[in-house]
Amino acid sequence: MNFTLLDHALLKCDLSTLRNKHTPNPIFRATLERISEIMAVEIFRALPLRSFEYDTPLERTTGYALQESFLIAPVLRAGLGLQHGFLRFLPDAIVSHIGISRDHQTHAPHFYYSNIPAHIETLHCLVLDPMLATGGSATMATSLLKEKGAKKLTLVSVVAAPEGVKYFSEQHPDVPIFAAALDRELNANKYILPGLGDAGDRIFGT
Ligand code: PRP
Ligand code: URA
C-alpha cells in the first residue's frame with residue numbers, strides 16, 4: 001500500500017477548522033485552499049529536477065527547474081477546493097475536470113463529465129479529491145485517466161477512510177496516495193467518521 005499521511009502542524013490546525021460544524025462556508029473554502037497549498041509544498045518536496053546553467057549579475061551558476069509536466073484532475077465538485085493551491089505552484093499544468101457524483105442510495109460513483117486532452121502519456125497526473133470514503137470516485141477518476149493514456153499518477157486526498165485507502169490501493173497499486181488525515185471508519189451512509197461532512201456542500205453552501 002503506497003499511502004503517505006502528511007504530518008504538519010498547520011495541517012492539523014486547519015483540519016480542525018474544516019471538521020468543525022460551525023465553520024461558515026467562506027472560511028471552510030479558504031481553509032481548504034490553504035490546506036491544498038501546504039499539501040502541494042509537502043508532496044512536491046522530492047520532485048525530480050533538471051539542472052541548467054545561467055548567469056547571475058556576478059557569475060555563471062547552476063539553476064533548477066521541474067523535470068515533469070503536469071495535469072491536474074479535480075474531481076467535481078469538491079476537488080475544485082484543491083485546484084487553486086496546486087495551480088499556484090504548477091501554473092503551467094493542464095486542468096482536466098472530472099465529474100463524478102455518488103449515488104445517494106448505492107453510494108456507487110456516477111460519471112457525468114470529463115475533458116481530458118489526448119497525449120497525456122508524458123504528464124504526471126494529480127487526481128484531486130478531498131474525500132476518500134469508499135474510494136469509488138477516486139478509483140473511477142484514476143481509471144479514466146489511465147484509459148486516456150496516463151502512466152504516472154498521484155492521488156491527493158485530504159481526509160481518507162481506511163476502507164477507501166484499501167479499495168483504491170487494490171485497484172491502483174501503482175498510484176501513491178497522499179492525505180492529511182486517516183480517519184476511523186465509514187458510517188452506514190458511507191460518510192467518513194469523524195470526517196467533516198459533505199465536502200462539496202460545505203465548500204459551495206448547497
Ligand atoms: C464526494 C467527494 C468525493 C466522493 C468520495 O463527492 O467529493 O468525490 O464523495 O466518496 P467515495 O470515496 O465513496 O466515492 P459527491 O459524490 O458528494 O459529489 P460532490 O463533490 O459534487 O458533492
Ligand atoms: N463524501 C464527502 O463529501 N464526505 C464524506 O464523508 C464521504 C463522501
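Brief remarks on what is shown
One line per residue, one yes/no per condition, for (1) open to solvent by less than 40 Å² (accessible area, probe 1.4 Å); (2) touching a residue at least 60 places away in the same chain (Cβ under 8 Å):
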| site | (1), (2) |
| --- | --- |
| ASP7 | no, no |
| SER16 | no, no |
| ASN25 | no, yes |
| LEU32 | yes, yes |
| ILE35 | yes, yes |
| ALA46 | no, no |
| PHE52 | no, no |
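- Filter result for the condition that a residue is in contact (Cβ under 8 Å) with a residue 40 or more places away in the chain, within 19 Å of SER96 (Cα to Cα) and touching a strand residue (DSSP E or B) at 6+ places or on another chain (Cβ under 9 Å), over ALA180, ALA141: ALA141
- Considering (1) away from ligand 2 (no atom under 16 Å from the Cβ); (2) touching a residue at least 60 places away in the same chain (Cβ under 8 Å), the lone condition that ILE203 does not fulfil carries the number (1).
- THR134 meets the conditions (1) part of a helix (DSSP H, G or I); (2) within 17 Å of the chain's Cα centre (by Cα); (3) within 8 Å of ligand 1 (Cβ to nearest atom) in every case but one. The failed one is (1).
- The residue list LEU128, LEU132, LEU145, LEU182 contains one member that is away from ligand 2 (no atom under 15 Å from the Cβ), on the phi < 0 side of the Ramachandran plot and among the aliphatic types (A, V, I, L, M), which is LEU145.
- The range 110-130: number of residues that are within 22 Å of ARG184 (Cα to Cα) and either modelled with pLDDT under 95 or in contact with a strand residue (DSSP E or B) (Cβ under 6 Å, 6 or more places away or on another chain) (or both): 2
- The range 183-197, subset within 11 Å of ligand 1 (Cβ to nearest atom) and free of Cβ contacts under 8 Å to residues at least 60 places away in the same chain, residue least open to solvent (accessible area, probe 1.4 Å): LEU186
- Among the conditions (1) touching a residue at least 12 places away in the same chain (Cβ under 8 Å); (2) open to solvent by less than 50 Å² (accessible area, probe 1.4 Å), the only one that THR61 does not satisfy is (1).
- Test: residue in the range 188-196 that is of a type in the set (Ser, Thr, Tyr) and either within 14 Å of ligand 2 (Cβ to nearest atom) or part of a loop (DSSP other than H, G, I, E, B) (or both): yes
- Sole exception among (1) open to solvent by 40 Å² or more (accessible area, probe 1.4 Å); (2) within 16 Å of ligand 1 (Cβ to nearest atom); (3) under 20 Å from ILE177 (Cα atoms); (4) not hydrophobic (A, V, I, L, M, F, W, C) for ASP103, by number: (3)
- Close pairs (8 angstrom Cβ cut-off, 6 or more residues apart or separate chains): away from ligand 1 (no atom under 13 Å from the Cβ) in the range 76-87, part of a loop (DSSP other than H, G, I, E, B) and open to solvent by 10 Å² or more (accessible area, probe 1.4 Å) anywhere: PHE86/ALA93; LEU87/ALA93
- Any hit, the range 42-50, residues being touching a strand residue (DSSP E or B) at 6+ places or on another chain (Cβ under 8 Å), of a type in the set (Asp, Glu) and over 28 Å from TYR113 (Cα atoms): yes
- Qualifying residue in the range 118-125 (condition: in contact (Cβ under 8 Å) with a residue 40 or more places away in the chain, within 16 Å of ligand 2 (Cβ to nearest atom), outside any helix (DSSP H, G or I) and not aliphatic (A, V, I, L, M)): no
The values are calculated or read from the model by the stated rules, or taken from the named source; none is laboratory data. Nothing here was measured: the structure is a model prediction, and the numbers come from that model. Here the Cβ is made from the backbone with ideal geometry for all residues, glycine too, and neighbour counts use every protein chain on show. Note: areas computed on protein heavy atoms with side chains; ligands, DNA, RNA excluded. Shrake-Rupley method; radii C 1.70, N 1.55, O 1.52, S 1.80 Å.
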